[in-house]
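Student: One structure, pasted below without further comment.
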Amino acid sequence: MTDLSLSGRVALVTGGTRGIGLATARALAEAGATVVLTGRDESRAKEAASAAGAAAGLALDVTDAKAVSALVRGVAKEHGKLDIVVANAGIMEDALLGMIKEELVDTTLSTNVAGTLHTVQAAARAMMRKKSGAIVVLASIVGEYGSAGQTVYAASKAAVANIARSAAKELGRSGIRVNAVAPGVIETDLTSGLSEDAKAENSSRTPLGRLGRPEEVANAIRFLVSDEASFITGQVLGIDGGLVL
Ligand code: NAI
């Protein structure tokens with residue numbers, strides 16, 4: 001018998017207003033979880049929550065460590081516990097090595113690395129009391145293999161993968177699993193700036209012959225946070241149609 005149901009679980013998804021985050025919030029809610037999603041803009045977060053069947057949509061900037069801590073504590077208090085956290089919020093901006101500006105380094109690292117770290121820290125604190133929980137962070141294939149023109153983003157996503165591996169080692173004895181997903185090219189606002197040529201090239205390099213959909217990442221996340229994945233921790237799961245092969 002499979003146990004993909006998340007009935008009775010309380011879940012938090014950061015950056016849940018669109019793309020992979022919104023699809024994940026919807027997938028977790030459809031599996032029976034009580035879902036809280038966050039976005040930088042409160043009204044968009046509320047709209048997304050109602051579209052995804054989530055219980056609430058709250059404003060949160062993940063670069064603000066105190067705000068992340070307070071929000072996670074608040075969700076756990078209001079719902080009595082916190083079982084699942086998906087640290088999804090992230091940004092991507094391309095720049096060739098010679099063109100990388102200090103500001104790009106700061107915003108990318110503070111959002112993707114520090115933002116993920118703040119979220120995992122706060123999640124671990126909330127889950128520690130119950131000695132159980134499942135956390136998923138959003139890495140990327142470029143964090144594993146590198147990408148020309150994406151040095152800063154790739155570095156940030158390599159860090160995210162290692163947040164998952166290190167936190168998994170630290171939190172395993174507390175019953176908390178931490179995994180990462182490493183999507184390939186998924187059709188969302190993040191990749192909407194890619195030229196049609198770049199999309200066609202990525203599709204043709206992908207054994208499955210196409211780009212990915214947000215729901216396909218969400219389905220993998222739903223599996224990783226479910227009891228079906230009860231002996232899986234510290235992994236970085238590629239969801240890329242075979243692009244890296
Ligand atoms: P998206 O741009 O559609 O959505 C990103 C979400 O993160 C938005 O809701 C945005 O408001 C939120 N966000 C950004 N900065 C934030 C901040 N400081 N505080 C709170 N929220 C913030 O992107 P997409 O494609 O859905 O990406 C989601 C995650 O998946 C990101 O971490 C991204 O790096 C990662 N990813 C995406 C891939 C793709 O091909 N779309 C491939 C590999 C990884």
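The values are calculated or read from the model by the stated rules, or taken from the named source; none is laboratory data. Note that the coordinates shown come from a computational prediction; the quantities given were computed from them, not determined experimentally. For neighbour counting, all protein chains shown are included, and Cβ atoms are generated from backbone atoms with ideal geometry for every residue, glycine included.
Student: Can you find a residue that is closer than 30 Å to residue 8 by Cα, basic (Lys, Arg) and either assigned to a helix (DSSP H, G or I) or at pLDDT 95 or above (or both) anywhere in region 104-125?
Tutor: The answer is yes; a qualifying residue exists.
Student: What is the one condition in (1) out of contact with any strand residue (DSSP E or B) (no Cβ under 9 Å at 6 or more places or on another chain); (2) within 12 Å of the ligand (Cβ to nearest atom); (3) closer than 24 Å to residue 191 by Cα that residue 103 does not satisfy?
Tutor: (2)
Student: Okay, next question. Test residue 44 against the criterion of being near the ligand (Cβ under 10 Å from one of its atoms), outside any loop (DSSP other than H, G, I, E, B), surrounded by fewer than 17 Cβ atoms within 10 Å (Cβ to Cβ) and over 15 Å from the mean Cα position of the chain (by Cα), and give yes or no. Don't jump to the end; show me each part of the working.
Tutor: Details: near the ligand (Cβ under 10 Å from one of its atoms): yes; outside any loop (DSSP other than H, G, I, E, B): yes; surrounded by fewer than 17 Cβ atoms within 10 Å (Cβ to Cβ): yes; over 15 Å from the mean Cα position of the chain (by Cα): yes.
In short, yes.
Student: Quick test for you: out of 71, 22, pick the one residue that is touching a residue at least 24 places away in the same chain (Cβ under 8 Å), within 14 Å of the ligand (Cβ to nearest atom) and more than 20 Å from residue 215 (Cα to Cα). Write out each step before concluding.
Tutor: Working: 22 fails: more than 20 Å from residue 215 (Cα to Cα).
Step by step, each of 71, 22 is checked, and only 71 is touching a residue at least 24 places away in the same chain (Cβ under 8 Å), within 14 Å of the ligand (Cβ to nearest atom) and more than 20 Å from residue 215 (Cα to Cα).
Student: Still on this structure, please answer the following. In this structure, is residue 75 in a helix (DSSP H, G or I) and more than 24 Å from residue 157 (Cα to Cα)? Before the answer, list the steps.
Tutor: On the way: in a helix (DSSP H, G or I): yes; more than 24 Å from residue 157 (Cα to Cα): yes.
So residue 75 passes the test.
Student: If you go through region 184-210 one residue at a time, how many are among the aliphatic types (A, V, I, L, M) and within 8 Å of the ligand (Cβ to nearest atom)?
Tutor: Result for region 184-210: 3.
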